[in-house]
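Structure in structure tokens, see below.
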Amino acid sequence: MTKVKLAIYDMDRTITHYGTYTPFLMSWALRHRPWRLLFTPVVVLCLGAYAAKLITRGRLKTLMLSMMVGKPTRTALEPAIEHFVGRLMAKAVYPGALEQLRADKAAGARLILATASYDFYVAAIARRLGMDDVVATRAVWSETESILPSIEGENCYGEAKLTMVKAYLRDVLKLDRKDCHIVFYSDHHSDLPMFEYADEQVVTNPNKKLREIANARGWPIIVWGVQRFTKLAA
């Protein structure tokens, strides 16, 4: 039986030049709630607390959302998201990543975006990229459709990302792992569980630790814009 081809991509610093969460928060605050920029020093303190391992990555994310965004409705957020994503796609997406997405699609792969970023703005990025599916950190909404400073389930990062991808393949796509051929793309060592789960590993613009792991394991390393990677196994 021919296996289902899945090309699973991390997003921040894999497809985009930089992380997208803080830029989105700043974009929202600057355009819609400038007074929330007064929280910037507190955000910096929270970043320091995370670096010192005093708070979790998920807690950092919810604190930043609370301070910089507040509790706007979906309706209020949507135009701000479209503005932010439009600028992101114009200036901050690696051309080599776009080429690879097109190559994977042409080879018959289903494109899946798997990212720790919040789903409420990632969905718009995924549409622009031509993704078929999104696995992301899920936002929580009130009964009046206002966003809340919380996370539904787990922060889609590290081992939790693998757990969420497995659940998505099983429960949404109704796929058995043995029937799939998975290629995974990422820039960061936190995605090691996903790399080990995949059939093919493509390391893109890696940080130092991931580069060392890739060299030790013989995984291909691609720097978008310098090299291109178009292989997708049958």
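The values are calculated or read from the model by the stated rules, or taken from the named source; none is laboratory data. Model, not experiment: these values are computed from the prediction. The protein model used for the area step is the full one, side chains on, heavy atoms only, and it has no ligands, DNA or RNA in it. Shrake-Rupley method; radii C 1.70, N 1.55, O 1.52, S 1.80 Å.
For the range 147-230, just run the numbers: alpha carbon Rg, then divide by 2.2 N^0.38 Å, N being how many residues it has.
My calculation over the Cα atoms of the range 147-230 gives 1.23.
Here's a follow-up. Leaving out same-chain residues fewer than 8 places away, which lysines sit with a Cα under 17 Å from that of K105?
K3, K5, K231
Do you know the relative contact order of the range 70-198, to the nearest whole percent, from alpha carbon pairs under 8 angstrom that are 6+ apart?
Averaging sequence separation for qualifying contacts and normalising by length gives 21 percent for the range 70-198.
Search the structure for amide H atoms under 5 Å from the amide H of V135, placed 1.01 Å from N in the peptide plane, and list their residues when 5 or more places away or on another chain.
L113, A114, T115
Next question. List the relative contact order of the chain as a percent without decimals, with contacts defined as Cα pairs under 8 Å and 6+ residues apart.
Across the chain, relative contact order equals 24 percent.
Over the range 134-214, what is the relative contact order in whole percent, taking alpha-carbon pairs under 8 Å and six or more residues apart?
22 percent
Give or take rounding to whole Å, what are the principal axis extents of the alpha carbon atoms in the range 1-140, in descending order?
55, 33, 27
What is the antiparallel percent of DSSP beta bridges lying wholly in the range 104-164, to the nearest 5?
Bridges in the range 104-164 are about 45 percent antiparallel.
Here is a further query. Per 5 Å bin, what percent of the C-alpha pairs of the chain does each bin hold, from zero upward?
Distribution as computed: 1, 6, 14, 18, 19, 17, 12, 8, 4, 1, 0, 0 percent.
Over all Cα pairs of the range 161-204, how is the pair count split among 5 Å bins, expressed in % and running from 0 up to the last occupied bin?
5, 23, 31, 24, 12, 5
Considering only protein heavy atoms, what per residue accessible area in square angstrom results for the chain with a 1.4 angstrom probe?
The answer is 48 Å² per residue.
With N set to the residue count of the range 80-160, report its C-alpha Rg divided by 2.2 N^0.38 Å to two decimal places.
1.22
Using alpha-carbon positions, what is the distance between the centroids of the range 1-68 and the range 164-211, in Å?
Centre-to-centre (Cα) distance: 21 Å.
Please compare each pair in K91/K161; K71/K91; K53/K178 to a cut-off of 32 Å on the Cα-Cα distance and tell me which ones are over it.
K53/K178
Moving to a separate point now. Where does the chain land at 222 nm, in deg cm²/dmol rounded to the nearest 500, when only DSSP H runs of n ≥ 4 count, each adding -39500 (n - 2.57), divided by all residues?
Taken over the chain, the calculation gives -13500 deg cm²/dmol.
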